[in-house]
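The next block holds one structure in the form of structure tokens; read it before the comments.
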Protein chains: 2
Amino acid sequence: MRKTTSEELGMQPKQFRELVRRAEWTDYTMNVCRNYAQFNLAIVPKDYAFDFFHFCQRNPRPCPIVDVTEPGSPHPKLVAPNADLRTDLPRYRVFIDGELIDEPTDVTRYWSDDLVGFLIGCGITVGWALKAANVDYRSLGAYVSSIPCAVAGPFGGPMVVSGRAFKGSRDAVRATQVASRYLASHGPPIHIGDPAAIGVDITKPSVSYDQLPRPEDVLLWWGCGITPQYTAVAAKMPILITHKGGYMLVSDVLAEELANL
Amino acid sequence: MRKTTSEELGMQPKQFRELVRRAEWTDYTMNVCRNYAQFNLAIVPKDYAFDFFHFCQRNPRPCPIVDVTEPGSPHPKLVAPNADLRTDLPRYRVFIDGELIDEPTDVTRYWSDDLVGFLIGCGITVGWALKAANVDYRSLGAYVSSIPCAVAGPFGGPMVVSGRAFKGSRDAVRATQVASRYLASHGPPIHIGDPAAIGVDITKPSVSYDQLPRPEDVLLWWGCGITPQYTAVAAKMPILITHKGGYMLVSDVLAEELANL
């Protein structure tokens, strides 16, 4: 793995995706092309595309859809028309009948004209916006909650949530305001306070684990972009291709361009 | 046609829809159940449902999707689970291969398990919000503009827009702020000022016609919910069922519940 350099932080998304395409970048995307929106990816067979679309529409907090490809096309027209979803993410996960079979850096060999790509908003944008507003927080990681998603066709199951801990009400209120500007990045929190109320035990990581809150912290919980991947795996489709967590698509669109206010 | 009474204005949406279902209300819905969100309707065959969904996702200003039914179900789960889309709108339009064949008050005989209903936001909400904010305006009606919609499958064509004239910049700015709270009701304007710049001649009505602006007015133009019907007719599907303009679905959801802020 290469270390992020300041040049890479400042490069344009197109240049960065070319690095990825040539397999010269295989690391996380967290710190690259700051301020350009990054997205979660789910590629599903055309036969499932309407139901998956429907699932995301019914669950807009965890699954804000930002772009959907033409069936068979790997190019996300709205957010990165020159990108290729088969090669331009640093790491993928491939599932057959719900079983993980591969974690490649290129999914060209799994591609077919029958596939539809969905790009779904990602919370990194809100993290940047909070920092820009000088609102400090501790990341609590992601957990499978007890909140049921609205069902559509074979897609359903629990909402995955991610938490942030703020040092007081003032910061938590400001964070709610800031996040509300970014509906494409999960928007406002879906829960304030006690994690047990939404079935989360912060001492037992279920998806990913980060810091623990301090007793005086105010906790906010957001719908998490792992949710669509979680439900899509459970649907045991003949094929499902996703990004691997943290290895996102870096788009051509500034996060601010997607802000609803 | 019956005159709206104050009782009817104040009745609950469920009671109002029962009146409609019994064909005891066949008038416009403009003034009924004030503050409850009303929606545009497009019912399309399942084979076209993904592409139509995709079209709306790509054109969120004219086509904000609020609810999509399960294929074959006439019940809009999110906004009015007890409503029946076959009977609960006062007037429909039925198109076969793009030709208008009927304008009934009930479409039960055209229904099949192959159909999917899309409910799309409606500008009435913003009209109410402007009045609540004491922002006066003149309605300019709806026009087919020269702005091309983003294409998805067989769906494309021009955006239909609707205009409002404000008596000065202060009101126009306030109106932009107010409308931005309601993404499900077309959100902020898509054009400010000269109608000719978007191919609109306000002296020549193309869809509907209302008042003319005064020379000192500031004009704002919004994506209009007639757009999805316009594109759906042009796609010449084997069957398409829509509401007739002005005869909307009255939902159980307050417009304020859908506000994004």
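Values computed for the structure shown
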{"read-out": "Alpha-carbon centroids, the range A:107-124 and the range B:111-144: separation in whole Å", "value": "34"}
{"read-out": "Whole-Hz couplings from phi, Karplus 6.51/-1.76/1.60, listed for the range A:75-85; x for Gly and Pro", "value": "10, x, 4, 7, 10, 6, x, 8, 6, 10, 5"}
{"read-out": "Those Cys residues of the protein assembly as shown for which no other cysteine Cβ falls under 4.7 Å", "value": "A:C33, A:C122, A:C149, A:C224, B:C33, B:C122, B:C149, B:C224"}
{"read-out": "Other copies of A:D136: label-to-label distances in nm, shortest first, labels 7 Å along the beta-carbon direction", "value": "5.3"}
{"read-out": "Length-normalised contact order for the range B:101-184 - Cα pairs under 8 Å, 6+ apart - percent", "value": "30"}
{"read-out": "Violating pairs (Cα-Cα greater than 22 angstrom) within the set A:K204/A:K236; B:K46/B:K236; A:K77/B:K236", "value": "A:K204/A:K236; A:K77/B:K236"}
{"read-out": "Amide proton proximity set for A:S206, modelled H, under 5 Å, gap of 5+", "value": "A:V144"}
{"read-out": "Convex hull per residue volume in Å³, alpha carbons only, for the protein assembly as shown", "value": "160"}
{"read-out": "Cut-off 12 Å between beta-carbons: net charge of the residues surrounding B:P71, Lys and Arg +1, Asp and Glu -1", "value": "-4"}
{"read-out": "In sequence order, calculated HN-Hα J values of the range A:87-92 (Karplus, 6.51, -1.76, 1.60; Hz; x Gly/Pro)", "value": "10, 9, 10, x, 7, 10"}
{"read-out": "Scattering profile of chain A at q = 0.10, 0.14, 0.17 Å⁻¹ [log10 I(q)/I(0), Debye over alpha-carbon scatterers]", "value": "-0.47, -0.94, -1.37"}
{"read-out": "Under Karplus coefficients 6.51, -1.76 and 1.60, residue-wise ³J(HN,Hα) of the range A:132-142 in Hz, glycine/proline x", "value": "4, 8, 6, 9, 8, 7, 10, 7, 9, x, 10"}
{"read-out": "Gaussian network model of chain B, Cα within-10 Å springs - most flexible of B:I124, B:I65, B:I96", "value": "B:I96"}
{"read-out": "Built amide H within the under 5 Å cut-off of A:Y36, gap 5+", "value": "A:A255"}
{"read-out": "Extent along principal axes [Cα atoms of the range B:124-228; Å; largest to smallest]", "value": "42, 29, 19"}
{"read-out": "Distant-in-sequence amide H partners of B:I239 (H built 1.01 Å from N, under 5 Å)", "value": "B:D97"}
{"read-out": "Computed [θ] at 222 nm, helices only, for chain B once each DSSP H run of length n ≥ 4 contributes -39500 (n - 2.57)", "value": "-6500 deg cm²/dmol"}
{"read-out": "Rel. contact order, % - alpha carbon contacts under 8 angstrom, at least six apart, the range A:124-228", "value": "38"}
{"read-out": "Under DSSP loop assignment and at most 10 Cβ neighbours within 10 Å, longest trypsin sites (Lys or Arg not before Pro)-free interval of chain A", "value": "A:23-261"}
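We did not get these values from a lab; they are worked out from the coordinates using the rules stated. In this text the structure is predicted, and so the values were computed from the model without any measurement. As a convention, Cβ positions derive from the backbone with ideal geometry for all residues, glycine included, and neighbour counts pool all protein chains shown.
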